[in-house]
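Report on the following structure.
The values are calculated or read from the model by the stated rules, or taken from the named source; none is laboratory data. These numbers were taken from a predicted model, which means no experiment stands behind them. All Cβ positions, even for glycine, are placed from backbone atoms using ideal geometry, and neighbour counts span all protein chains on display.
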Amino acid sequence: MNNAEWMVQNGYKFSDIHVCYELDKTVTFSLNGAIVGKASYDNTCLATFKAWLDQEHKEPILNDSEKSYLSAVTKPFRDRVKHIEKVYADHLYSEPDYYISIRFNDGNHDMNFPYFDESHMYECMEINRPYTLEELGL
């Protein structure tokens, strides 16, 4: 499903899209304050918009609260973050749990967060798959 089909399926009109041109030659498309896509800036606004509409729609990996939390946590050292992943922890005598782990560029340090039930948090993240900050929209 491309972005145009996704918009129609979810009841959006093209006039609902807010377009913002960035200094790094990209265009950000927002619906109701949430960024739904980015595209590189071509010569005309219409060509860039058409190219974005034809792209395959990708659901965001993190919801707004997960994104704001991880963004705030990584802000002081975001230039040193290698990746973030959702880790499966199988406990011998209890239910399996999951936790978020942040790996740093030096490879010697990880920051691990408290355990959580998979059905309540970070549902769209794949287990044991490293995500860059850009992939998570941070």
Considering residues that are in contact with a Leu (Cβ under 8 Å, 6 or more places away or on another chain) and exposed (fewer than 14 other Cβ atoms within 10 Å of the Cβ), the number found within segment 99-138 is 1
Filter segment 105-138 for residues that are among the acidic types (Asp, Glu) and under 14 Å from the mean Cα position of the chain (by Cα); the one that is modelled with the highest pLDDT is Glu126
Of the residues in segment 46-62 that are modelled with pLDDT of 85 or more and closer than 30 Å to Ile102 by Cβ, the one that is surrounded by the fewest Cβ atoms within 10 Å (Cβ to Cβ) is Glu56
Restricting segment 8-66 to residues that are of a type in the set (A, V, I, L, M, F, W, C) and touching a residue at least 40 places away in the same chain (Cβ under 8 Å), the one nearest to Met121 (Cα to Cα) turns out to be Leu62
- Would you be able to say whether some residue in segment 65-83 is surrounded by 10 or more Cβ atoms within 10 Å (Cβ to Cβ), of a type in the set (Val, Ile, Thr), within 18 Å of Thr132 (Cβ to Cβ) and not assigned by TED's automatic domain parsing to the domain that holds Gly107? no
If we keep only residues of segment 84-98 that are among the hydrophobic types (A, V, I, L, M, F, W, C) and modelled with pLDDT under 90, then the residue surrounded by the fewest Cβ atoms within 10 Å (Cβ to Cβ) is Leu92
message: of a type in the set (D, E, K, R), at pLDDT 85 or above, surrounded by fewer than 16 Cβ atoms within 10 Å (Cβ to Cβ) and closer than 19 Å to Asn2 by Cβ: is that true of Asp16 in this structure?
response: yes
